[in-house]
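Notes for the one structure printed next.
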Amino acid sequence: MQLTGLLWGGKLLKKVEFPVADVLGPESSVDEIKELIKRHGEIFVKPVFKGGVGKKGKSGLIGRAKNIEEALRHKERLYFVEHSAGNITAKADGVTFEGFVPAKHEVYFSISESTVYRAPTITITHEGGVDIEEVPKDKLRVVPFDPLTGLKSYHIANALEELKAPKEIISPLVQNLPKLWTLYNNYGFSLIELNPIRMMPNAAGRLVPVACDFKATFDIDDPAWKRLELPPHLFASDYSEFEQEINQLRTYQGQSDVFVINPHGTITAPTFGGGANALVTELLGERATISSDFGGNPPYEKMLQISRIVFKYWLKQSNVLFIIGGKANNTDIYQTFRAMADALREYFQDNGPTPLFVVIGRGGPNLVKGMAYMKDTLDRLKLPYRMFGHDSAMSEVVNYALTVDEWMRQGGRRLIEEKLLGKREEPAQATV
Amino acid sequence: MHKEGVKNFPYYVGIDSLEEVATKEDRVCVLNILGTESRTVTPVSHAFSGGNVVFGTSPGRSGQVLETPTGDIPVYNSVKEGLDAGHRFTTAVVYLPPAGVKDGVAEVVKFNPELKKIIIITEKIPIHDARIIRAICQTNGVDVFGGNCLGVADSWNRVRIGGALGGSRPEESLVKGSVAIYSNSGNFTTTIAVYLLTKGWGTTTSISSGKDVYIHFAPREFFHALSNDPRSKCAVIYVEPGGYYEKDLNITRPTVACVVGRWKARLTKACGHAGSLAGSGDDARAKERWFMDYFGVDDIYTPENPVFSKKGAVVTNIAHIPEALTKVMELNGIEPDFEPRGDLSLKCWFANNASIQVPRELDIQTVRAISPYGEQIEEILKQVGAQYPRQSMKDASGASMMDPTTQITKLHGVSILDAGKHSFEENLVLSVIKNYPDSYERELANTVLNGFVNSCNLPELLCADAARKEGNSPNTVLTSAISIVGRARVKDAQRIMEIIFDNFKLVVKDPAEPLDYKEIIDGLSDDDRVLFRASDGEDRVLRAMVDKVDGAGRSSVFVDFVRDVARGLPSRAALLAAVWATLAWKPLLRKDISRVTFVTLPWYSLLFSKMIACSVPAERHTEDAFCGVKDTELTGEWSFTETAFLALVGRRPTEEELFEFSLLLGLIVSNGPGTISAQGSKGAVSADGPEDPIRVQINKAFAGFLTHTGFAHGGNGYEAIEFLIERFRNTGLEDPGSAEHGLDLKKIADEYATWYGQYKTEQKAIGNIEYKKIPCVGHPVFKGKQVNYDPRERFIEEVFKERRIYNVFLDFYRTLVQSLFEARVTRNVFCVNVDAVIAVILLKMVWNTFTSGRMTEKEVENAAFTTFLFGRMVGCAAEIDDHINRGRDMDTRTPASRCTFIR
């Protein structure tokens, strides 16, 4: 769950009274934008991306405007602009208008968790405004601190002192940056990054740090972020419709992590355990529709709901339903298999039969009982299947599933379809 | 600030050697010991480790115990209470929910100065809490394993602490040997151990580290402790992307590192283990490279390209670990610990090609599974009938489910809309055997259901009459009657069902196929044989039933069997059993129903018959006829739906009426387990104790259903009928089924809407918010649009159109909602809800009888209520059977803590 930009970031920073650049949202009137330009002499027009998109500046995604015509031109250009980073493409949904903050100094500052120090850590440099990866190591300081006492003024002062930062920026930063710990520590963040913070002189000539961009990540397992009452649509683009539906079932009893791998995949693999998830997803590659981890001993009801959603989205296009996990230590195989089998039967009842080859590799408590329940269901649905115990190498079972998928592509699917539709046991006819 | 621990670390680490991770001396306290997961796992760990758990905590449950194979573990409200009771421990295991973990850690650290280790099993701990946990434990000198882990184990010490490493059979995977395992994945910790056995390697210490952002006992600590462990000759480490825990390690013993998750470099959010996101430079490829550098190799080890050194190898597939480790150890001159056990080739346990020709490479044949699974499979394949795990069935059902969006309930997967297209007898069969009968089976069902209707001179009928005369409502009358129909009435039929089940379960696949059952007959005791024979004296109904069964078109091995045992006319009990055995056999073999249900079927059947029978006064049951229809004719020629219609209206229905009546009954079979009638049924079962299912009284459960209906639930259908009667009483309407009725429905509706608008305004003006509402108009779910529809009503409309059925009352209702909107009584066009459909069908059925004076308004009201009881009997029978099979004793009660006292 990520959040970028000042439109919402500004609201969060104001909660801890951290100064923020003047910002107007996409719905602002021409008069309001004119007023903003008048106040600041110049404004930035930035696209609004839901979720996390970085490095906008580099991609020409920031417009500068000194009059309303320029501002509106940038608005038109950037309102629905697309931005690609790696394999992720995001589309903007609106723009912000941000007042120019005159400054001599730009500061980078972030708080995050460090796996090196196993503590919350700040990263700071007074040579901000560029990507942090481009700042030479000796120009930035990474400082872990005790979460029990929190981020203190001296952490900032010492870091800036070591960096030999200009004297006039130290005091305002020492006064203001610790406020961000209050935000970070109380609202479920796992990252807050301000880049740049521009050091703007106030009326008295004293420098004030003003946040000119905002990036944050929330810890999905920490309900504290809900206190911010952010509208859910802000995070909507992080997740596909399918993922959102599954995420609603996210409780601590049982994992329910999913990720769409290939919307056109042909193997749907409910996977149990983080390790199996990593291994199976890697081996299935683009043939998989989703990557999932449903381990952690989910109760029957939860597994039923999850399976219903998975089947609703993916079963029709799938050649192979591939249920895979190692030898479970604690997950009750009977309960999870019963839930998946019941959901499968329901799917067939509601949508009619769909050609599938079912491949299963699993071990764990109540294994045989679970497999037998699945067997009865699959026999009933007239689907071909193979079930392997935990004494078969998981990677070999994956290879078998891949071979089945290939055969299904080469005509196996059609054979099963003909069988299912041709000799389908008609439901009892209505009689009255 | 941290406490002083092992010297090599700039932070606190207490464990210097892997020998110390899980020892025989460790004494354990389990937080939230009675939680669902701990309740299963802790007893196994405790027994495997020789009883190392000294106590557990569970606030509010002090004094309880957790039973284990090696004795009870005491439970206290808090750690302090346990310590005050004299217990001492060194290790805490945390099973608390995520929000409670931090506080649990704080508690155990504060109150136990002897604490050395904490193992956190809980998943999804907020990062915020994880950093505080680390800070607390660093300050106080405590090692932490997890969160989100499966604990630690030691095969040498035969100790498992925390989670479920090795599942319910730890001894299968925790085999003493020389390999130490460290794994980000809990499951893979033991999967790797099992894989290692195939090359003859056992284990020393196994650590499931968890894969949260905070890994408290990290690879650096592991490899330090490995170097001090005299037992561990080598190690296997399984890691996933994310975090810098594997960077700059000092690995001193041969190690195979398995790094999985290259694909995760594409992810922008966590999937699987939290924290395993690709970040800057800590993705899978980076980690592979770190390990390759440690081992001095330049590629990944695969069987085709075995790259390894004396120091180790890197693999990306756990199946390659055993081979890679063996190769590395060969270079070090170290042999495996023992002979290889098993192998990792594909071993298929269950297979079916579903009559499809699959290519040879896919057509893998089944092999006998390893012990004990092979034996279990053998046993389970012999098992006949469904078996359900028992659980609390309070407000839960495996029989019915209402979709909150469509408000359409499904019973055994059949929506009530589809149920409406089936006959009453078919729905009754569905309720108990979860499948609709085919035409032959339907005839069999009709025969036995009708065969037991006439109850002339039987006590249940007399009882019903007595109750009726005292002015009781139809449900109360029927409660009195069916309370009489106890177990003794069906004991012979149930015994015969048992005989059939026990003797035929492994030999009959299809009851239509003949079988030589001579040996079975020879094996019957004399006492049992007697049950099959009809008693002396003429029983014309029984003979008619047998004739009907014989002429139904197929033969049944069970009917033949009971006849052959009887050597002539079988008894009523035997015929009843044979018919239900025939109907239920295939569902039984398909494991749709259980043995308990199978044996109980004759009781349900008899109750179905008696519900219809006793809704009719005794005077209409004569020696040889029911409602004026000869018993032999009823048995031989009538369907049970027609009999039910006869009981209500006093005549045989026309074809159109039969269709509408079936539709009506089908629509009301169920509204899910939350309805009062279902709750009554379930409560009655729960109170008898379904864990001993044979004790549950089915007739009492029916009484539970019936007593949980009443003037507000079931009897309220009459409100709409009364409303319609008021509108149409003086209109001269003759045939409500004719569209040529000659009435101006719009005018009637407009006049009423205008009147109602004024009435509503007046009542509101005088502050009466309890003013009379128009029945069956509007719905809490189907509202808010400009024009609203109840999809169930729409469905019926379509069915009526298809069958060219007209109903003036339904037409009126549709006109009325429009008029109400036009008269500005409603904000938009309200829907006509499904209850209206029920009312209009019923009123149409009885309209002529009513207007001709042959039926009083009171009788119409009773008929409406009784119709509801007939239909709902289907759903409630299903709930009763479901609860008997799945429920626990007294599971419908509400804990006192959730009850409210109102002053």
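Quick note: the coordinates plus some simple rules give every number you see, no bench work behind them. Please read all numbers here as calculations on a predicted model, not as lab measurements. We place every Cβ from the backbone using ideal geometry, glycine too, and count neighbours over all the protein chains shown.
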How far, in degrees from 0 to 90, does helix A:300-314 lean away from the longest principal axis of the Cα atoms of chain A, to the nearest 10?
90 degrees
Between the alpha-carbon centers of segment B:490-511 and segment B:691-741, tell me the distance in whole angstrom.
38 Å
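Using the number of other C-beta atoms within 10 angstrom as an exposure proxy, rank B:Phe901, A:Phe357 with the fewest first.
B:Phe901, A:Phe357
Can you tell me the dipole magnitude for segment B:781-863 around its Cα centre, using point charges on the Cβ only (Lys, Arg +1; Asp, Glu -1), in Debye to the nearest 20? Mind showing how you got there, number by number?
On the way: 13 positive and 11 negative charges, 46 e Å.
Using Cβ point charges on Lys, Arg, Asp and Glu, segment B:781-863 gives about 220 debye.
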Compactness relative to 2.2 N^0.38 Å, alpha carbon Rg of segment A:333-405
1.11
Given a cut-off of under 8 Å on Cα pairs at least six residues apart, what relative contact order in percent is computed for chain B?
10 percent
Given segment A:2-228, what percent of its DSSP beta bridges are antiparallel, to the nearest 5?
95 percent
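Taking other Cβ within 10 Å of each residue's Cβ, how do B:Leu411, B:Leu34, B:Leu478 sort, fewest first? Write down the numbers at each step before the final one.
Details: B:Leu411 25, B:Leu34 19, B:Leu478 32.
Sorted ascending by nearby Cβ count, the order is B:Leu34, B:Leu411, B:Leu478.
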Here FRET efficiency (C-beta to C-beta, B:Glu171 to A:Glu417, R₀ 30 Å, nearest 0.05) is 0.05
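Give the calculated FRET efficiency between A:Ile132 and B:Arg368 to the nearest 0.05, with a Förster radius of 45 Å applied to their Cβ-Cβ distance.
Values: r = 60 Å, r/R0 = 1.34.
Once rounded, the FRET efficiency stands at 0.15.
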In degrees between 0 and 90, to the nearest 10, how far off the longest principal axis of chain B does helix B:676-688 point, with axes built from Cα atoms?
60 degrees
Report for segment A:251-422 the percent antiparallel among DSSP-assigned beta bridges with both residues inside it, nearest 5.
20 percent
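P(r) tail for segment B:413-491, what percent of Cα pairs lie past 22 Å?
Working: 1368 of 3081 pairs.
Distances greater than 22 Å cover 44 percent of the Cα pairs.
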Starting from the Cα-Cα distance between A:Gln244 and A:Glu162, subtract it from 0.36 nm times their residue separation and give me the gain in nm to one decimal.
25.0 nm
When you take every Cα atom in segment B:19-86, what is the radius of gyration, and what is Dmax, the widest Cα pair distance, in Å?
11.5, 37
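Any chance you could tell me what percent of the C-alpha pair distances in segment B:277-329 go past 17 Å? Intermediate results must be reported in sequence, preceding the final value.
Values: 475 of 1378 pairs.
For segment B:277-329, the fraction of Cα-Cα distances above 17 Å is 34 percent.
When N counts the residues of chain A, how does its alpha-carbon radius of gyration compare numerically with 2.2 N^0.38 Å, as a ratio? Intermediate results must be reported in sequence, preceding the final value.
On the way: Rg = 27.4 Å, N = 432, 2.2 N^0.38 = 22.1 Å.
In units of the globular-protein estimate, chain A measures up at 1.24.
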Would you mind ranking A:Ser240, B:Ser525, B:Ser594, B:Ser173 so that the residue whose beta carbon has the fewest other beta carbons within 10 Å leads the list?
B:Ser525, A:Ser240, B:Ser594, B:Ser173
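Using only the Cα atoms of chain B, what semi-axes does the equivalent ellipsoid have when each is the square root of 5 times a gyration tensor eigenvalue? Give whole Å, largest first.
Numbers: eigenvalues 890, 262, 141 Å².
The three semi-axes for chain B are 67, 36, 27 Å.
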Explain nothing, just the number: relative contact order of segment B:147-297, from Cα pairs under 8 Å at least 6 residues apart, as a whole percent.
21 percent
Which distance in nm do the two modelled labels at B:Lys491 and B:Thr754 give, with both placed 7 Å along the Cα-to-Cβ direction?
7.1 nm
Two-site FRET efficiency, B:Asn848 against B:Asp438, from Cβ-Cβ distance with R₀ of 45 Å, rounded to 0.05
0.80
What is the helix-to-structure angle for B:186-197, meaning the angle in degrees between its Cα long axis and the longest Cα principal axis of chain B, kept from 0 to 90 and rounded to the nearest 10?
70 degrees
Sequence-distant residues sharing a close amide H with A:Val81 (under 5 Å, placed H)
A:Ala92
Which of the listed residues, A:Gly275, A:Ile416, A:Gly364, is farthest toward the dipole's positive end in segment A:251-422, when Lys, Arg count +1 and Asp, Glu count -1 at the beta-carbon?
A:Ile416
Rounded to whole Å and sorted largest first, list the principal axis extents of the Cα atoms in segment B:542-685.
43, 38, 29
What fraction of the Cα pairs in segment B:137-278, stated in percent, has a spacing above 28 angstrom?
15 percent
Once the Cα gyration tensor of the protein assembly as shown is diagonalised, what are the square roots of 5 times its eigenvalues, in whole Å and ordered largest first, as equivalent ellipsoid semi-axes?
64, 43, 28
Size of charge dipole - the protein assembly as shown - debye, nearest 20, with Cβ of Lys, Arg +1 and Asp, Glu -1, no other charges
2780 debye
Evaluate segment B:759-903: find the radius of gyration of its Cα atoms, find its Kirkwood radius, and give the ratio Rg to Rh.
1.07
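Under the 0.36 nm per residue contour assumption, what length would be gained going from the current alpha-carbon distance of B:Glu857 and B:Tyr11 to full extension?
Working: separation 846, 0.36 × 846 = 304.56 nm, distance 8.75 nm.
Full-extension gain reported as 295.8 nm.
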Place +1 on the Cβ of every Lys and Arg and -1 on the Cβ of every Asp and Glu in segment B:1-97, take the dipole about the Cα centre, and give the residue among B:Leu66, B:Phe48, B:Leu18 whose Cα lies farthest towards its positive end.
B:Leu66
Be a star and scan segment B:863-903 for residues whose amide nitrogen sits under 15 Å from the point 7 Å along the Cα-to-Cβ vector of B:Asp395.
B:891-900
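What dipole magnitude, in Debye to the nearest 20, does chain B give about its Cα centre under +1 on Lys/Arg Cβ and -1 on Asp/Glu Cβ? Mind showing how you got there, number by number?
Numbers: 104 positive and 115 negative charges, 494 e Å.
Here the size comes out at about 2380 debye.
Per residue Cα convex hull volume for segment A:251-422, in cubic angstrom? Could the numbers behind the result be given before it?
Values: hull volume 16.2 nm³, N = 172.
Each residue corresponds to 94 Å³ of Cα convex hull volume.
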Using alpha carbon coordinates only, what is the Rg to Rh ratio of segment B:174-224, with Rh defined as the Kirkwood radius?
1.00
Take the Cα pairs of segment B:561-634, get the Kirkwood Rh, then feed it into Stokes-Einstein at 37 °C and 0.692 mPa s and tell me D in µm²/s.
228 µm²/s
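With only alpha-carbon atoms in the gyration tensor, what are the semi-axes of the equivalent ellipsoid for segment A:2-228, in Å, largest first?
Details: eigenvalues 164, 89, 53 Å².
In descending order, the three semi-axes are 29, 21, 16 Å.
Using only DSSP helix segments of four residues or longer, with each worth -39500 (n - 2.57), what per-residue ellipticity at 222 nm results for the protein assembly as shown after dividing by its residue count and rounding to 500?
Helix contribution divided over all residues of the protein assembly as shown: -13000 deg cm²/dmol.
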Under the Karplus relation 6.51 cos²θ - 1.76 cosθ + 1.60, θ = phi - 60°, what is the ordered set of whole-Hz ³J(HN,Hα) values for segment B:442-450, x standing for Gly and Pro?
5, 4, 4, 4, 4, 4, 6, 5, 6
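Between B:Glu798 and B:Gln64, what length comes free when the chain is fully extended (0.36 nm per residue of separation minus the Cα-Cα distance, one decimal in nm)?
Full extension of this stretch gives 258.2 nm more.
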Antiparallel bridge percentage (DSSP; both residues within the protein assembly as shown; nearest 5):
55 percent
Go through B:Leu165, A:Val397, B:Tyr388 and say which Cα lies farthest out towards the positive end of the charge dipole of the protein assembly as shown; charges sit on Cβ, +1 for Lys and Arg, -1 for Asp and Glu.
B:Leu165
